[in-house]
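Data block below; observations after.
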Amino acid sequence: MYGYLLTKRLEQAGWGAVPGGTLYPALRRLEEGGLVVSEWSSEQPGPARKYYALTPQGREAATASHEAWLRFSATVSNLFSPKEEA
């Protein structure tokens, strides 16, 4: 997926407008960490676009982060759910 499309997908997912000054440095850090690879493509009309994809290591990290988020959100939900008085 290329950067502009990523910002649109994030916006549609409820993140609001994600400025390029936030997205591209994050993508660069992910790439430097081996979690993302990028490739320039000029196959379509218009300017060349830089496409990003998760590496196998990036997929593992995403899965681990997702599982950690699920545990965290379940804990927070449990803390704030109404409790019956004994």
Point to revise | Separation in nanometres of the label points that stand 7 Å from Cα toward Cβ, at W40 and R28 | key: 1.6
Practice item. Calculate, for the chain, the solvent-accessible area per residue in square angstrom, rolling a 1.4 angstrom probe over the heavy atoms of the protein chains. Key: 80
Practice item. Rank A13, A64, A53 by mean-square fluctuation in a GNM of the chain with C-alpha springs under 10 angstrom and give only the top-ranked residue. Key: A13
Study note, to complete from the structure: Ranked output for segments 70-80, 17-27 by mean other Cβ atoms within 10 Å, highest leading, reads 17-27, 70-80
Practice item. Apply 1/(1 + (r/R0)^6) to the Cβ-Cβ distance of L54 and K83, taking R0 = 25 Å, and write down the FRET efficiency to the nearest 0.05. Key: 0.05
Check your understanding: Say each of S73 and W15 gets a label point 7 Å from the Cα, pointing the same way as Cα to Cβ; how far apart are those two points in nm?
Key -> 1.5
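The values are calculated or read from the model by the stated rules, or taken from the named source; none is laboratory data. Quantities reported herein were computed from a predicted structural model and do not represent experimental measurements. With ideal geometry, Cβ positions are generated from the backbone for all residues, glycine too; neighbour counts draw on all protein chains shown. These area figures cover heavy atoms from the full protein model, side chains too; ligands, DNA and RNA do not enter into them. Shrake-Rupley method; radii C 1.70, N 1.55, O 1.52, S 1.80 Å.
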